[in-house]
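Below is one structure, written out as structure tokens; the observations come after it.
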Amino acid sequence: MNPLAAREAELRAAGRDLVDLTVTNPTAVGIPYPEMSLPVDAAYAPTPFGLPEARTAVAADFARRGVAVDPAAIVLTASSSESYGLLFKLLADPGQAVLVPQPSYPLFDYLARLEGVEPRPYQLVFDGSWRIDWDSVRPQGACAICLVSPNNPTGSYVTRGDLTRASGLGLPLVVDEVFADYPLAPAADAVRCVRDTPALTFSLGGLSKAAGLPQVKLGWIAVTGPGAAEALRRLDLMCDTYLSVGTPVQQAAPRLITLGAEIRARIAARVQENRRQVAAAVSGTGCTLLPTEAGWSALLRLPAVMTDEEWALALLDEGVLVQPGYFFDIQLPATLVISLLPPLRDGITRIVNRVSRL
């Protein structure tokens, strides 16, 4: 257990109330949801890639974002994590490397190693905005490059130039676009939705973020580009082996995707308002809110008199739980990651007050 988790457990055991600014579950932050229920069908007709009506609904959701995808090229999964697992099985031999961004959500290491694959990081660097450091990209012997657009937690989209360069590596692209529906201030060269690349491309999405429904467990992969037919043929065998996606959620998918527009708008409004509150609260203080193009997270830089972990521990004693940047391999000093989903006015006030006492 790391020192922050140990201290949190100690405080909670003592009955201490904490303002938790790490919550990323949209169903747990007071956002109202419409009534919904999943149908339960006694009939079971397994299809490796998912029910046609569900895949058609996903294709329509891609069309909403300006991307034409054949429903036959869509593979349903139980989650984005399962999507990654399937693709690492598909693309990599045991021990082979997959290129993954750093910083990013601390998921790739676990998912890759569980599939017997080596996660080989490439760096995102910050110089007023986040970009790929191409000197850190080592494609030799790799099976694929993962792009997260927008990235979590940096909130940065892949730029058009970086997408072109990644497409020219001769590797398949695994593009995680789960936060694409939550733009804040995209740069002019941001790629809002990957399409028409000259590389074999696997685009990941799911109801967890697109509709704010992490509990219903439905993700998807859109397979496009050269070699897509062969990739789908192989995925058909893999998915037929697991058949992991439940029938009720597939039958409900068209309705849930439609309801997702309402839920998504409420989440987006919460995120945007919380970011405005953070920006106003830290203005003129020793805290700096880093620019963010999209997503549900904010990066807050504090005075570098302490490390990010020391700051997180000090704020925990103030009753505020945040995540130090090193959890995500952020190399900027004294950088904290906070969620923009929960009510956070009290927590941000405590952070600013703690900094002001320096």
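The values are calculated or read from the model by the stated rules, or taken from the named source; none is laboratory data. Note that the structure is predicted; figures quoted are calculated from it, not measured. Neighbour counts run over all protein chains shown; Cβ positions are idealised from the backbone, glycine included. Quick note on the areas: whole protein, heavy atoms, side chains included, nothing else; ligands and nucleic acids left out. Shrake-Rupley method; radii C 1.70, N 1.55, O 1.52, S 1.80 Å.
Ala269 meets each of the listed conditions (1) under 22 Å from Lys209 (Cβ atoms); (2) in contact (Cβ under 8 Å) with a residue 12 or more places away in the chain apart from (2). Contact annotation: residue pairs with Cβ atoms under 7 Å, 6 or more positions apart or on different chains, pairing a residue in region 230-242 that is closer than 11 Å to Thr47 by Cα with a partner that is surrounded by 14 or more Cβ atoms within 10 Å (Cβ to Cβ) and β-branched (Val, Ile, Thr), are Cys239/Val75.
Arg120 falls short on exactly one of the conditions (1) buried (at least 17 other Cβ atoms within 10 Å of the Cβ); (2) under 30 Å from Ala59 (Cβ atoms), and that condition is (2). Looking only at residues that are hydroxyl-bearing (Ser, Thr, Tyr) and in a helix (DSSP H, G or I) in region 146-173, which one is farthest from Ala231 (Cα to Cα)? Result: Thr164.
Residues Ile267, Ile330, Ile263: which one is part of a helix (DSSP H, G or I), under 28 Å from Val100 (Cβ atoms), of a type in the set (Val, Ile, Thr) and touching a Pro at 6+ places or on another chain (Cβ under 8 Å)? Lay out the reasoning, then the answer.
Working: Ile330 fails: part of a helix (DSSP H, G or I); Ile263 fails: under 28 Å from Val100 (Cβ atoms).
Exactly one residue qualifies, and that residue is Ile267.
In region 129-155, the residue that is farthest from Ala97 (Cα to Cα) out of those that are hydroxyl-bearing (Ser, Thr, Tyr) and open to solvent by 10 Å² or more (accessible area, probe 1.4 Å) is Ser129. Just one of the numbered conditions (1) of a type in the set (A, V, I, L, M); (2) open to solvent by less than 10 Å² (accessible area, probe 1.4 Å); (3) under 18 Å from Gly155 (Cα atoms); (4) touching a residue at least 40 places away in the same chain (Cβ under 8 Å) is not true of Leu332: (2).
Selection over region 289-317 of residues that are open to solvent by 50 Å² or more (accessible area, probe 1.4 Å) and either within 14 Å of Asn353 (Cα to Cα) or in contact with a Ser or Thr (Cβ under 6 Å, 6 or more places away or on another chain) (or both) gives a count of 2. Looking at Gly286 and the list (1) open to solvent by 50 Å² or more (accessible area, probe 1.4 Å); (2) outside any helix (DSSP H, G or I); (3) not hydroxyl-bearing (Ser, Thr, Tyr), which single condition is not satisfied? Against the list (1) open to solvent by 50 Å² or more (accessible area, probe 1.4 Å); (2) outside any helix (DSSP H, G or I); (3) not hydroxyl-bearing (Ser, Thr, Tyr), Gly286 comes up short only on (1).
Candidates are the residues of region 318-327 that are open to solvent by less than 30 Å² (accessible area, probe 1.4 Å) and not in a strand (DSSP E or B); the one that is farthest from Arg354 (Cα to Cα) is Gly325.
Among the residues of region 14-52, those identified as in a loop (DSSP other than H, G, I, E, B), of a type in the set (Val, Ile, Thr) and open to solvent by 30 Å² or more (accessible area, probe 1.4 Å) are Thr22, Val23, Thr24, Val40, Thr47. Taking region 185-203 as the range and being of a type in the set (A, V, I, L, M, F, W, C), out of contact with any Leu (no Cβ under 9 Å at 6 or more places or on another chain) and assigned to a loop (DSSP other than H, G, I, E, B) as the test, the residues that pass are Ala185, Ala187, Ala188, Cys193.
All conditions but one from (1) open to solvent by less than 30 Å² (accessible area, probe 1.4 Å); (2) at pLDDT 95 or above; (3) over 30 Å from Pro121 (Cα atoms) apply to Leu11; the one that does not is (2). Return only the number of the condition from (1) surrounded by fewer than 18 Cβ atoms within 10 Å (Cβ to Cβ); (2) touching a strand residue (DSSP E or B) at 6+ places or on another chain (Cβ under 9 Å) that Gly170 does not satisfy. With respect to (1) surrounded by fewer than 18 Cβ atoms within 10 Å (Cβ to Cβ); (2) touching a strand residue (DSSP E or B) at 6+ places or on another chain (Cβ under 9 Å), Gly170 is out only on (2).
Within the bounds of region 28-42, is there any residue that is of a type in the set (D, E, K, R) and over 19 Å from Arg255 (Cβ atoms)? No: zero hits.
Among the residues of region 231-240, is there at least one that is surrounded by fewer than 20 Cβ atoms within 10 Å (Cβ to Cβ), of a type outside the set (Phe, Trp, Tyr) and touching a strand residue (DSSP E or B) at 6+ places or on another chain (Cβ under 6 Å)? The answer is yes, given that some residue of region 231-240 is surrounded by fewer than 20 Cβ atoms within 10 Å (Cβ to Cβ), of a type outside the set (Phe, Trp, Tyr) and touching a strand residue (DSSP E or B) at 6+ places or on another chain (Cβ under 6 Å). Taking Pro106 as the residue in question, decide whether it is of a type outside the set (Asp, Glu), within 16 Å of the chain's Cα centre (by Cα) and open to solvent by 30 Å² or more (accessible area, probe 1.4 Å). So Pro106 passes the test. With respect to (1) in contact (Cβ under 8 Å) with a residue 24 or more places away in the chain; (2) in contact with a helix residue (DSSP H, G or I) (Cβ under 9 Å, 6 or more places away or on another chain), the lone exception for Val125 is condition (1).
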